[in-house]
Amino acid sequence: MMSILSRPEFHNEEKAYEYVESRLWPHGATCPKCGERERVSKMGGKSTRIGVYKCYKCRKPFTVKVGTVFEGSNVKMHIWLQAVYLMCASKKGISSNQLHRTLGVTLKTAWFMSHRIREAMRNGSMAPMGGGGGIVEVDETYVGTTDKTRARRAKHKSLKKNIGKKFRVFGGASHKNIVLTLVDRNGDARSFHVDKATKANILPILRANLAAEARVITDESGVYKDLDAEYMHAFVNHGRREYGRGEITTNTVEGFYSIFKRGMKGVYQHCSEKHLHRYLAEYDFRYSNRAAKGANDVVRADIALMGVCGKRLKYDRSVV
Ligand SMILES: [Zn+2]
């Protein structure tokens, strides 16, 4: 069997453009400014860059990169496609360092590309979870260190009298970032970075994402108590070691966290708080488009590619 990465769109720039165009423009080249499809033609000639079209209605040239996460970057399209594929194919994620070595781009560029691809993976779907009485597992976990604690640690470390001492004072759960995740057993995963695990933070997220008829399973935390009145709600009592009987378990969301944590530990050690939501989007994406739902690596990469449109990131262009 031939390696997937030997396919032409991963090596040939023209084929790469054709591939992306066929995904993003199913009805043919479309002007991103005015939406024109009829009076549009591909620019030819030796001096023309690959993939340039001209709209004869608004008289502007454009490429398929306009309005996508690929816009404003000088990275070749076939390199982008390799990166998208690699990120979709690795279960626990792939570090910028690995992308840098594999793709032969600078570390800065690899970092920039992986964040843009994560942005493409962010689905933003608000379709209710647990429709038709499906089961949705909800849980929280703690990851990394908050920016505030990092700053305090750095300050603590810089004081001469503290040299060699551990910063025991800044340990514990309250110094970590809190992640809330909803997993529809038959569908998607959605994760949110919350400030504190309080009712005021958590309940609005649940109400916005759950279908009225969803069956919700949480742990015994009092934060979820109000759900009793609004949903079919069951909880697993971890404190009393009453691990799930029958279908009352939170094993699915715990399994999700175990992959997420192994990935974050091994691959993304230095994830800063402000980017956490993008890493979460990446893990949600791979979970929501998992093999059990019939998606393979190629399908996943295609789905990610569909998400490249209409998402703009404000990044310093000097890194590209
Ligand atoms: Zn136009």
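Which links in 196/274; 91/265; 196/225; 155/199; 92/155; 91/293 stretch past 23 Å when you go from one Cα to the other?
155/199; 92/155
By how many nm would the segment from residue 258 to residue 297 grow when fully extended, if each residue of separation counts as 0.36 nm and the alpha-carbon distance is taken off?
Stretched fully, the residue 258-residue 297 segment lengthens by 12.0 nm.
Read phi for every residue in segment 41-57 and hand back ³J(HN,Hα) as whole Hz from Karplus 6.51 cos²θ - 1.76 cosθ + 1.60, θ = phi - 60°, with x for Gly and Pro.
Ordered by residue, 3J(HN,Hα) equals 9, 6, 7, x, x, 5, 7, 7, 6, 5, x, 8, 10, 10, 9, 8, 8 Hz.
Taking a ≥ b ≥ c as the square roots of the Cα gyration tensor eigenvalues, with a/c under 1.5 meaning rounded and otherwise prolate when a/b beats b/c, else oblate, which class fits segment 1-95?
Prolate shape, in that a/c is at least 1.5 and a/b is the bigger ratio.
7 Å from Cα along Cα→Cβ at both residue 208 and residue 123: what's the point-to-point distance in nm?
Between residue 208 and residue 123, the simple spin-label model gives 1.7 nm.
Restricting to the chain, what percent of DSSP beta bridges are antiparallel, rounded to 5?
70
Quick check: the angle from helix 13-24's long axis to the longest principal axis of the chain, C-alpha only, nearest 10 degrees?
Taking the Cα atoms of the chain, the angle to 13-24 is about 60 degrees.
Taking 0.36 nm per intervening residue step and subtracting the Cα-Cα distance, what contour gain separates residue 275 from residue 27 on full extension?
Between residue 275 and residue 27, full extension yields an extra 85.8 nm.
Karplus couplings for segment 111-116 from phi (6.51 cos²θ - 1.76 cosθ + 1.60, θ = phi - 60°), rounded to Hz, Gly and Pro as x?
Going residue by residue, I get 5, 4, 5, 5, 5, 5 Hz, with x marking Gly and Pro.
What residues have an amide H closer than 5 Å to that of residue 139, excluding those fewer than 5 places away on the same chain, when H is modeled at 1.01 Å from N in the peptide plane?
Under 5 Å from the amide H of residue 139 lie the amide H atoms of 181, each far enough along the sequence or on another chain.
Could you work out how far apart the two model spin labels at residue 34 and residue 161 are, taking each label as a point 7 Å from the Cα in the direction of the beta carbon, and quote it in nm?
Calculated label separation equals 7.2 nm.
Please label the shape of segment 182-221 as rounded, prolate or oblate, based on the square roots a ≥ b ≥ c of the eigenvalues of the alpha-carbon gyration tensor (a/c under 1.5 means rounded; beyond that, a/b larger than b/c means prolate, else oblate).
prolate
Can you give the Kirkwood hydrodynamic radius of segment 35-83 from its Cα pairs, in Å with one decimal?
Answer for segment 35-83: a Kirkwood hydrodynamic radius of 12.0 Å.
Kindly write out, for segment 194-203 in residue order, the coupling ³J(HN,Hα) from the Karplus curve 6.51 cos²θ - 1.76 cosθ + 1.60 (θ = phi - 60°), rounded to whole Hz, with x marking Gly and Pro.
Going residue by residue, I get 10, 5, 9, 7, 10, 4, 4, 8, 8, 4 Hz, with x marking Gly and Pro.
What length, rounded to one decimal in nm, is gained on full extension from residue 226 through to residue 52, with 0.36 nm per residue of separation minus their alpha-carbon distance?
That works out to 57.1 nm of additional length.
Let's test the formula: R0 of 25 Å, r as the Cβ-Cβ distance of residue 13 and residue 106. What FRET efficiency results, to the nearest 0.05?
Computed FRET efficiency for residue 13 and residue 106: 0.85.
Run the accessible area of the chain with a 1.4 Å probe and give the carbon-and-sulfur part as a rounded percent.
About 53 percent, which is the carbon plus sulfur part of the accessible surface.
At q = 0.09, 0.10, 0.11 Å⁻¹, what is the log10 ratio I(q)/I(0) for the chain, with the Debye formula run over Cα points and no solvent?
Once normalised to I(0) and log-transformed, intensities are -0.58, -0.70, -0.82.
Please state the relative contact order of the chain as a whole percent: Cα pairs under 8 Å, 6+ residues apart?
Here the relative contact order equals 23 percent.
Which cross-chain or sequence-distant (5 or more) residues have an amide H under 5 Å from the amide H of residue 233, H modelled 1.01 Å from N in plane?
Long-range HN contacts for residue 233: 216.
The values are calculated or read from the model by the stated rules, or taken from the named source; none is laboratory data. Keep in mind that this is a model prediction, so the values were computed, not measured. FYI the Cβ positions are ideal-geometry reconstructions off the backbone, even for glycines, and counts take in every protein chain you see. Note: areas computed on protein heavy atoms with side chains; ligands, DNA, RNA excluded. Shrake-Rupley method; radii C 1.70, N 1.55, O 1.52, S 1.80 Å.
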